[in-house]
1. If you filter the stretch 139-245 for GluC sites (Glu not before Pro), then keep DSSP loop positions with at most 14 other Cβ within 10 Å, what is left?
2. Below 21 Å Cα-Cα, how many Lys pairs turn up in the stretch 608-739? Only count pairs eight or more apart in sequence, or on different chains, if you could.
3. May I ask you to sort Glu462, Glu591, Glu648 by Cβ crowding, counting other Cβ atoms within 10 Å and putting the fewest first?
4. Under the classification rounded if a/c is under 1.5, otherwise prolate if a/b is larger than b/c and oblate if not, where does the stretch 327-486 fall, given a ≥ b ≥ c as square roots of the Cα gyration tensor eigenvalues?
5. Among Ser174, Ser92, Ser216, what is the fewest-to-most ranking by other Cβ atoms within 10 Å?
6. Within 10 Å, count the other beta carbons around each residue, average over each peptide in 50-57, 715-722, 415-422, and list them highest first.
7. Taking the Cα atoms of the stretch 340-390 alone, what are Rg (to one decimal) and Dmax (as a whole number) in Å?
8. For Lys348, Lys153, which order do you get if you count the other beta carbons within 10 Å of each Cβ and list the fewest first?
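Computed from the coordinates by the stated procedures, all read-outs in this text should not be read as laboratory data. Note that the structure is predicted; figures quoted are calculated from it, not measured. Neighbour counts are summed over all protein chains in view; Cβ atoms, including those assigned to glycine, are modelled from backbone coordinates with ideal geometry.
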Amino acid sequence: MGLRFIAARAVSGVSTWGLKNVFHRPAANFPGKMALYVDPQLIAHLRGKLERGSVCVVGTNGKTTVSNLLADVLETSGQRVVCNRTGANLDSGVSTALLHAGKADWGVFECDELWLAKILPQLRANYVVLLNLFRDQLDRCGEIDRIQDSIVKALGSSPETVLVYNADDPLCASIADRAGQLPGREGTRSIAFGVAKSMGLAQNTVSDATMCQRCSTMFEYDWRQYGQLGEWRCPNCGFARPVLDFAAENVQLGVDGVAFSLAKPGAGDAEREGAFSVTARFSGAYMVYNLAAVSVAASLLGCTNEALQKAVDAFDPQNGRLQTYDLAGRRVLLNLAKNPTGFNQNLKIVAQDQAPKVVAFFINDKEADGRDVSWLWDIDFEELAQAGPLTAYAGGIRGRDMAVRLKYAGIDAQTVDNANDLLHRIAQQPQEVSAYIIANYTSLPGCKAALDAAVAAGGEVEPAAGEAPAPRDFGTQGASASEGAASGQNPVVIAHLFPDLLNLYGDGGNVRVLQQRLAWRGIPAEVRRVNHGDAIDLSGVDLIMMGGSPDREQKLASADIVAMRDQLDAYVQDMGPLLAICGSYQMLGREWLVDGEKGPGLGLVGMTTGRPGTSGDRLVSNIALRSPLTDEPVVGYENHAGRTYLDEGVEPFGTVVSNTGLGNNEETKQDGVRYKNVLGTYLHGPLLAKNPQIADWLLARALERNAKRTGQPLAELAPLDDAPEKAANAFMRDKLGAK
Ligand code: GLN
């Protein structure tokens with residue numbers, strides 16, 4: 001036993017005592033953090049406590065549930081388990097759990113995706129269970145490719161660790177593919193699990209993997225479950241969902257629960273006899289994947305079906321995730337959702353309940369949530385229109401952004417100050433109205449505390465003063481774009497170029513904003529989504545929008561876009577309005593660079609984009625600009641590796657006026673470009689949601705073009721009530737210190 005290790009243990013002992021007895025705080029991270037300073041190899045020195053070994057659980061969604069449940073199954077089987085149950089998933093959390101534990105049979109550790117590379121080389125876990133990878137906290141992670149690289153590196157550092165992965169997710173399968181080729185891992189197998197057949201769910205708009213990571217060809221799907229999960233195949237190189245070692249079959253998805261059996265498709269009859277079956281009272285397709293992952297791991301660790309089912313039946317972590325409350329007879333469901341896929345899954349749960357209800361969304365933007373909330377626009381809130389009558393509320397630090405998002409989904413939401421305020425308003429509703437509270441990472445504890453306190457006080461909550469809003473059926477009200485189209489006028493045609501590739505940070509939200517702002521004015525609009533491989537004649541188009549994307553997708557999209565160069569040039573010269581964000585803004589110039597490789601641009605604007613370092617060397621920040629196009633500063637969010645330089649005399653979109661944010665590059669304090677009716681910018685947000693004047697500037701240009709093109713009289717852009725948009729803008733402007 002080394003001196004460092006002895007000192008590290010002493011430091012951790014003192015800090016645990018101090019936290020618990022002096023500060024009365026749980027000690028889930030800090031003792032391990034202190035001890036790691038003293039002995040950086042602490043996890044390696046402690047792993048001997050785990051007599052049979054360990055399992056790491058990684059993935060964007062479901063880590064805490066899967067690791068807690070797996071630990072429960074093992075404990076039900078009579079095993080002694082160490083687990084970082086509260087979700088402290090960095091090396092400090094894993095160290096703390098190990099420091100506090102005695103001898104055990106198994107360690108089950110939830111690990112942050114980027115921290116696995118620190119934890120695994122020391123822990124040398126028997127298994128890594130990889131659940132899924134979705135866009136989440138990209139301000140911390142950059143682009144999803146970086147997370148994949150980091151997990152592959154981690155697996156390379158522990159060659160005996162068996163990877164158990166969700167093969168329905170091409171991003172996980174691609175990690176297994178790459179890990180299989182690493183030197184030292186030739187003899188280590190990977191185990192694929194998935195869901196055998198389609199669950200028949202409606203598809204969401206954004207998917208995080210549309211193209212093959214081996215050869216950059218678009219995938220084909222026999223079915224998609226949600227996000228990018230499904231039965232996928234590359235038509236070019238043959239990379240496809242691997243044969244499943246474990247498959248969830250006979251899946252039943254109900255309002256009150258899920259059930260399936262877990263089979264080994266390639267196994268003989270004897271093994272099939274022993275196949276697991278699981279029934280759980282949690283709803284949502286994502287719970288099928290979580291439970292499948294737990295079942296596979298439990299089976300690999302030698303647990304019985306009985307132990308699994310018993311643990312699932314007893315599972316009630318009381319951590320605010322899918323937690324049901326009874327507030328004096330009223331049902332309230334609280335759940336965590338921290339990224340678009342998690343949110344979309346929650347909306348499906350809400351939509352299963354057709355009765356009148358309250359739905360509240362709490363959104364914070366603290367460090368652990370990610371400072372950017374553009375991703376709210378990658379969520380299909382429009383589906384709430386199918387959810388029957390509801391009263392909607394928005395809260396949290398970025399509740400104003402949430403309210404704007406709901407407004408453009410046709411739902412008018414009131415903002416609330418905090419969870420208590422919400423509970424008072426819920427108390428105004430008739431008893432039979434249930435409530436759904438969906439909160440992101442740091443806003444969840446406040447909601448849980450308010451609900452726990454209300455239950456402890458007997459479930460009665462004082463109603464707020466004033467009249468309760470009646471639940472409204474959002475499916476049947478409001479002007480929709482299609483209604484406008486029936487008016488016989490030639491619609492304003494908006495082309496959304498390559499949304500299947502260029503769709504980061506809610507950029508598609510810009511199109512929703514444009515479309516709705518026309519619909520509210522009774523002007524018919526038609527959106528043409530031009531996917532990879534599709535063609536369009538731009539002479540019949542009035543407005544073009546193209547978004548940003550990770551490097552890989554950008555490369556594929558740039559080939560499509562460069563092939564349209566002559567058409568785009570004619571459109572721009574003819575004063576056609578065009579909005580290009582981030583990745584596609586870069587393509588307007590002469591060239592752009594990806595990790596040293598040159599990409600040809602459109603050459604429409606006098607500018608060029610280079611890259612000083614790797615894709616990890618990024619400009620990531622909230623940002624505000626002064627632009628001649630608006631009265632108030634323009635607010636947005638940037639996350640890019642490229643640095644753009646405008647030629648002498650070329651006009652920027654705006655000047656950076658915030659405390660944070662750099663825009664085009666580190667030197668010029670400018671962002672974007674304005675050229676004829678072209679607007680290029682690094683600002684996501686999406687840009688137009690909090691800057692409606694820019695939306696209307698683009699729409700005014702589009703109406704002029706439409707009138708010229710069709711011979712119709714020029715439609716008028718009547719003023720709209722932009723109070724929610726202005727409130728969201730003002731909040732960010734102040735926060736960023738923008739003048
Ligand atoms: N991949 C490009 C870059 O990093 C664009 C990123 C984006 O659109 N957010 O520069």
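1. Here the GluC sites (Glu not before Pro) that fit, given the DSSP loop and packing criteria, are Glu160, Glu186.
2. Final tally of qualifying lysine pairs is 8.
3. Glu648, Glu462, Glu591
4. oblate
5. Ascending Cβ contact count within 10 Å gives the list Ser216, Ser174, Ser92.
6. 50-57, 415-422, 715-722
7. Considering the stretch 340-390 through its Cα atoms, Rg and Dmax are 12.3, 37 Å.
8. Ranking Lys348, Lys153 by Cβ neighbours within 10 Å, fewest first, gives Lys153, Lys348.
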